[in-house]
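Notes follow the structure.
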Amino acid sequence: MDDSQAGPELCCADSKPTSTVQRALPQPRADQRPTTVLLLASAGAFLANLGLFIVNIALPDIRQSFAGTDLAGVAWVLNAYTVVFAALLTPAGRLADRYGRRLVFLIGAVVFTVASAACAAAVSVPLLVAFRAVQAIGAALMIATSLALILAAFPPAKRTTAVGFWAAINALAATTGPPMGGLLVELSWRWVFLVNLPIGVLILLIGPRVLAERKAPTAGMPDALGAVGLVLGVGALTWAFVEAGALGWTGGAVLAAFGVAALSLAWVVWRSMRHQVPVLDLHALRVPSFGLACAAMLLFSAGFGAMVFGNVLFLTGIWHISAAVAGLMLVPGALAVVVTAPLGGRLTDRFGSGPVVAAGGIVFAVGAAWWIWLLDSTADFTSGLLPGQVLAGIGIGLLMPSLNGVVGLTLPAPRWGAGSSMINTSRQVGIALGTAVTVALYGSELSLPGFQHSWLLIIATTLATAVAGFIIAAQRANPSTSDPQ
C-alpha cells in the first residue's frame, strides 16, 4: 500500500481519521504494553537528541583540552553528528520498515552506547569527530524507529497524545542538554558522553523483552549512494557557512563548497526520483500537508538550532557566566517546553496542526524579538533573558507535537518509518544549517551585534514556519486542495 492508494482520508494532516481508516491501521498487539514501549522508545529519542545538544556547552572546554584547535574546527564535533544524523535518518527508516523496527532500534542503541564511550576516551579532535559520526549512526537508527514503534503500540484514538509525549521528550533533551552539560563539564567534558551509558544499557536490557517486532517490507535496499550524496551535500553546505566568516563569502574554497553542495543535493534529488527505495521519500512530499510539515520543520529547526547554539555562547561569551550557571539559566525554557508540549498535542487534536504550527511560530518569534529589545552586555536574567526563554519554550512545545504528529495522519502505516525519518531529516538539516549560519553571523569574535543578527535569523525562520502553518490550515478549510492529484 502506498500513498496513492491511501485515499483522500490520509492526504490532509488535519483530517480526522474515519472509522474505515482506523480499521485499516495496524492495531497494537494484545500482549504489548504501550506505556512501557512509549517510555523505552522515547528514551532512545532522548539519547539521540541529547547527543546533539549537550555538547554545545562543552565546546569551549573541549577546545581548551586540545591546544591549537580553533572555533571552526571544534564546531565539527557538533556538525559531524548533525550532518551524518540528517543523512542517515531516511535510509535507517527504510531499513527498519524492511528488516524490523525493533531490531534496528536495538542495533542503534548498541552503536550509540559504544560510540559514546569511545567519544569520552578520545585523545584528539579528529578522533572525537570520527567517533561522533559513529555515534550519529546509532542516533539515526533509534530516532528513525522510535516514533514508528510508538505509533504501532497505541490505538488510533491515543496516538496523538503518545506523539505529544514523544515530542516533549525530544524537546526536553534539546533544551536540557545545555543545563545538564553545564553541570557535567565542571567535572570534565568527557562526562557529557559518559552520561549516555546508563540509559543506553537500560534500553538494551529492557528492549528485547518489551518491544514487539513489526515490518513493512519494501522493494529493494535503501539507496546507499544517495545517503553518501546527502552527507556530502549537507556537509559541504555546512562547511561553507562555517568557514565563510574566516575565508570570505567569495573565497575560492567557500564558493567551491557551495558548488559541491548544490551538485550533490541535486544529484540526490535526481536519484530519489528514480531509485526504488530512495534516500528522500519524494512521493510522500506529494501529500501537501506532509510536504508543508517537512518545510515548516526545516525552518523551525534552523531557528531552534541558532537559539540553542547561540544562547549558550551569549551567556558564557558576552555575560561571562560560568558554564554551570549558564546551564541553570536555561532551565526555565526547558520547563516551558515540557509543560506546553502535551497541550500542543491536545490542541492539534482539536483544531488541527495548521493553527497550532502558526501559533507556535509566532510565539517563538516574539521570544527572539524580546531578546533583541532588552538584552545587551549587562547581565539581566529576570527581565531580559527569562521572558524570551519562556516564550520560545512555549513556541517549541506547540510546534514539535503538531509537526511530528503529521506522520501518523497523512501517511499509510507501511510508510511510517520512512515518513518519520523524512520529517526528522528536515529537522536535523535545519539544525545543521541554522547552527552553521549562526557561526557565520558571529564572525571571528563574539560580539553583541552578532548575537542580535542571529536572533533576527530566529525571527525570520519562525515567522516563515507560522506562514506554513497558515497554509496547512487553509488546506484543511478547503479539503479539495489537499489531494495529491
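Values in this text are rule-based calculations from the coordinates and carry no lab data. Worth saying up front: this structure is predicted, and the values here are computed from it rather than measured. So basically every Cβ, Gly included, is an ideal-geometry build from the backbone, and we count neighbours across all protein chains shown.
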Next item on the list: Grab the alpha carbons of the chain, take their convex hull, and tell me the volume per residue in Å³.
Entry: 124 Å³
Margin query: Based only on other Cβ atoms within 10 Å, what is the fewest-to-most ordering of 286, 427, 98, 209?
Written below: 209, 286, 98, 427
Notebook entry, point to check: So for the pair residue 474, residue 250, with labels modelled 7 Å out along Cα→Cβ, what separation do we get in nm?
Noted result: 3.9 nm
Note to self: Positive end of the dipole of the chain, charges at C-beta (+1 Lys, Arg; -1 Asp, Glu), about the Cα centre: which of 405, 177, 76 has its Cα farthest in that direction?
What the structure shows: 405
Checklist line | Kirkwood Rh and Cα Rg combined as Rg/Rh, region 163-212 | finding: 1.08
Note to self: Only counting other Cβ atoms within 10 Å, I'd like 319, 249, 189, 373 sorted with the fewest neighbours first.
What the structure shows: 373, 249, 319, 189
Checklist line | Global size of region 223-278 as Cα Rg and Dmax, reported in angstrom | finding: 12.7, 42
Next item on the list: Apply 1/(1 + (r/R0)^6) to the Cβ-Cβ distance of residue 324 and residue 39, taking R0 = 30 Å, and write down the FRET efficiency to the nearest 0.05.
Entry: 0.55
Item checked: Net charge dipole size for the chain [Lys, Arg +1 and Asp, Glu -1 on Cβ; Debye, nearest 20] -> 1340 debye
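Going by C-beta contacts inside 10 Å, put 46, 105 in order with the fewest on the left. Don't jump to the answer; show the numbers that get you there.
On the way: 46 22, 105 26.
So the ranking, lowest neighbour count to highest, is 46, 105.
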Next item on the list: Mark the label point 7 Å from the Cα of residue 110 along Cα→Cβ and return the residues of region 60-103 whose backbone N is within less than 15 Å of it.
Entry: 100-103
